[in-house]
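*Asks:* One structure, as structure tokens, below. Some questions next.
The values are calculated or read from the model by the stated rules, or taken from the named source; none is laboratory data. All of these numbers come straight from a predicted model, not from anything done at the bench. Cβ atoms come from the backbone with ideal geometry, glycine included; neighbour counts cover every protein chain shown. Accessible surface areas use protein heavy atoms only, side chains included; no ligands, DNA or RNA. Shrake-Rupley method; radii C 1.70, N 1.55, O 1.52, S 1.80 Å.
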Amino acid sequence: MDYISQSEKLFKFFELELDLGQKLKINEIRKKFCNDLNLFACFIKDYLTLKNSFMAPKDENIYSDFVLFFQNIEAETVLDELDKYSTLFLKIVFEEERNPILRNTIAIVNSCYLLEYYSVVMYLANKYYEKEIDIALLDRVLKAVESDVLANFEKDNLQIDLKNEFIKYEKILLNKERMAS
């Protein structure tokens with residue numbers, strides 16, 4: 001199943017499940033994507049990857065996995081997160097990030113065509129913007145991400161284990177926080 005039909009099904013789901021105010025919110029999010037349904041489904045896949053401990057859903061399961069996820073969390077919470085993460089996602093896709101450290105990592109990810117790392121970059125950017133990590137820690141973790149991106153780019157048979165790589169990034173975050181305490 002292609003991404004466009006996944007998005008179409010998602011918007012039909014929203015139409016049935018959301019109240020008027022929530023429908024207005026999801027339509028504002030949709031406008032950010034300029035009605036590019038393919039790009040929206042790519043975003044939902046990365047959002048689900050982030051929310052599912054960096055286990056990416058299969059392309060044909062984006063709709064069903066999102067519906068299952070959505071039904072277990074309050075709609076307003078999901079819509080607020082979709083709004084926040086869609087902004088981060090689009091900054092990554094179009095390389096419009098103002099922070100030079102993030103912008104450098106984004107350029108590396110995009111130039112290597114390793115879009116699987118979008119969820120990791122969104123996660124780290126959100127931690128930074130929510131002031132959960134400082135710029136020095138962000139830089140340290142992003143250097144590890146860049147190293148992994150470049151190493152994976154050079155492999156002939158690309159099999160990215162994002163979940164294990166993310167565990168490594170979390171260890172960097174946790175060790176730095178312990179050192180600061």
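*Asks:* Applying the selection to segment 80-115, what residues are open to solvent by less than 40 Å² (accessible area, probe 1.4 Å) and either farther than 25 Å from I160 by Cβ or in a loop (DSSP other than H, G, I, E, B) (or both)?
*Replies:* Scanning segment 80-115 gives E97, N99, C112, L114.
*Asks:* Which of (1) more than 17 Å from L150 (Cβ to Cβ); (2) part of a loop (DSSP other than H, G, I, E, B); (3) open to solvent by 20 Å² or more (accessible area, probe 1.4 Å) is the odd one out, the single condition T77 does not satisfy?
*Replies:* Here T77 clears every test but (2).
*Asks:* Any chance you could count how many residues in segment 121-133 are over 26 Å from F14 (Cα atoms) and part of a helix (DSSP H, G or I)?
*Replies:* Matching residues across segment 121-133 total 6.
*Asks:* Also: Do we have N152 as part of a helix (DSSP H, G or I) and either touching a Pro at 6+ places or on another chain (Cβ under 8 Å) or open to solvent by less than 80 Å² (accessible area, probe 1.4 Å) (or both) here?
*Replies:* Considered against the rule, which asks whether it is part of a helix (DSSP H, G or I) and either touching a Pro at 6+ places or on another chain (Cβ under 8 Å) or open to solvent by less than 80 Å² (accessible area, probe 1.4 Å) (or both), N152 comes out as yes.
Residue by residue, here is whether (1) of a type in the set (S, T, N, Q); (2) at pLDDT 95 or above holds:
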residue: V67; (1), (2): no, yes
residue: N72; (1), (2): yes, no
residue: E76; (1), (2): no, yes
residue: T87; (1), (2): yes, yes
residue: L90; (1), (2): no, yes
residue: E97; (1), (2): no, yes
residue: I101; (1), (2): no, yes
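*Asks:* Please go through (1) closer than 27 Å to L114 by Cα; (2) part of a loop (DSSP other than H, G, I, E, B) for D46 and return the number of the only condition it doesn't satisfy.
*Replies:* That leaves (2) as the condition not met.
*Asks:* Next question. State whether one or more residues within segment 124-132 are open to solvent by 50 Å² or more (accessible area, probe 1.4 Å), charged (D, E, K, R) and on the phi > 0 side of the Ramachandran plot.
*Replies:* Scanning segment 124-132 turns up at least one residue that is open to solvent by 50 Å² or more (accessible area, probe 1.4 Å), charged (D, E, K, R) and on the phi > 0 side of the Ramachandran plot.
*Asks:* Somewhere in segment 98-121, is a residue farther than 23 Å from N152 by Cβ and aliphatic (A, V, I, L, M)?
*Replies:* Checking segment 98-121: not a single residue is farther than 23 Å from N152 by Cβ and aliphatic (A, V, I, L, M).
*Asks:* Just one of (1) under 14 Å from the mean Cα position of the chain (by Cα); (2) part of a helix (DSSP H, G or I); (3) not hydrophobic (A, V, I, L, M, F, W, C) trips up S53, so point out which.
*Replies:* (2)
*Asks:* Next question, about the same structure. Identify the residue in segment 1-21 that is of a type in the set (D, E, K, R) and either crowded, with 19+ Cβ neighbours inside 10 Å or touching a helix residue (DSSP H, G or I) at 6+ places or on another chain (Cβ under 9 Å) (or both) and, among all such residues, is nearest to Y118 (Cα to Cα).
*Replies:* D2
*Asks:* Among the residues of segment 22-56, which ones are open to solvent by less than 60 Å² (accessible area, probe 1.4 Å) and either in contact with a Cys (Cβ under 9 Å, 6 or more places away or on another chain) or at pLDDT below 95 (or both)?
*Replies:* Hit for segment 22-56 is F54, nothing else.
*Asks:* For residues in segment 57-74 being acidic (D, E) and farther than 19 Å from L20 by Cα, which is surrounded by the most Cβ atoms within 10 Å (Cβ to Cβ)?
*Replies:* D65
*Asks:* Scan I167, I160 and give me the residue that is at pLDDT below 95, under 23 Å from Y47 (Cα atoms), open to solvent by 20 Å² or more (accessible area, probe 1.4 Å) and part of a helix (DSSP H, G or I).
*Replies:* Going through I167, I160 in turn, just one is at pLDDT below 95, under 23 Å from Y47 (Cα atoms), open to solvent by 20 Å² or more (accessible area, probe 1.4 Å) and part of a helix (DSSP H, G or I): I167.
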